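These notes are about the structure you will find just below.
The values are calculated or read from the model by the stated rules, or taken from the named source; none is laboratory data. Remember, predicted model here, so these are calculated numbers, not experimental data. A quick note on method: Cβ atoms are made from the backbone with ideal geometry, for glycine too, and the neighbour counts reach across all protein chains shown.
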Amino acid sequence: MAIWDFVKDAGKSLFAAEAKAEEAPAQPAQSDTDRKVAALKAELSALGLSSKDVHLTLRGDTVVISGKARDQETLEKLILAVGNIQGIAHVELADDAGTETPAAPEAKPVFHTVQKGETLSAIAQKYLGKASRYPEIFEANKPMLSDPDKIYPGQSLRIPQD
């Protein structure tokens, strides 16, 4: 079991938006937790990261991911996509979580939490040794990032490993 911490008050405001959409009484009453899990699944689907073999459970401000992702890169993107939602403080991988294609034993995801005033270039300089390698970080965080200039303090980014 692995746990990643995120900045709870930073990120996409997904739950507020889905709560407004739920105000119209079109469906039978659904618990707040079920609505939030449905909103998380819809977000993953919109990002192209959904899978019938990956399951989400919400416990307070913690999302538990179980099941198998396609590969290590997809699993890391799932963790970040869910963790970068406002209101989520922790993402935990259940004991049965993993990938369909086994990762190298030494493969450990490297994440970076953006600080005020940081740029992708500065982050690339720190982790990859050259500021000009910022497009690698941008590509490693697609589809969550749509523009290399649109990162925000508190956001967690995936750092690609050579």
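Look at (1) out of contact with any helix residue (DSSP H, G or I) (no Cβ under 6 Å at 6 or more places or on another chain); (2) within 24 Å of A16 (Cα to Cα) and you find that L56 fails only one, number (1).
Residues of region 1-35 that are modelled with pLDDT of 90 or more, out of contact with any helix residue (DSSP H, G or I) (no Cβ under 8 Å at 6 or more places or on another chain) and basic (K, R): K8 alone.
Of all residues in region 137-162, those that are touching a strand residue (DSSP E or B) at 6+ places or on another chain (Cβ under 9 Å) and of a type in the set (D, E, K, R) total 1. Identify all residues within region 38-52 that are in a loop (DSSP other than H, G, I, E, B) and within 26 Å of Q161 (Cα to Cα); write none if there are none. Matches in region 38-52: L47, G48, L49, S50, S51.
Return the only residue of P160, P153, P143, P148 being within 21 Å of I88 (Cα to Cα) and more than 14 Å from the chain's Cα centre (by Cα). Talk me through it step by step, then tell me what you get.
On the way: P160 fails: within 21 Å of I88 (Cα to Cα); P143 fails: more than 14 Å from the chain's Cα centre (by Cα); P148 fails: within 21 Å of I88 (Cα to Cα).
Exactly one residue qualifies, and that residue is P153.
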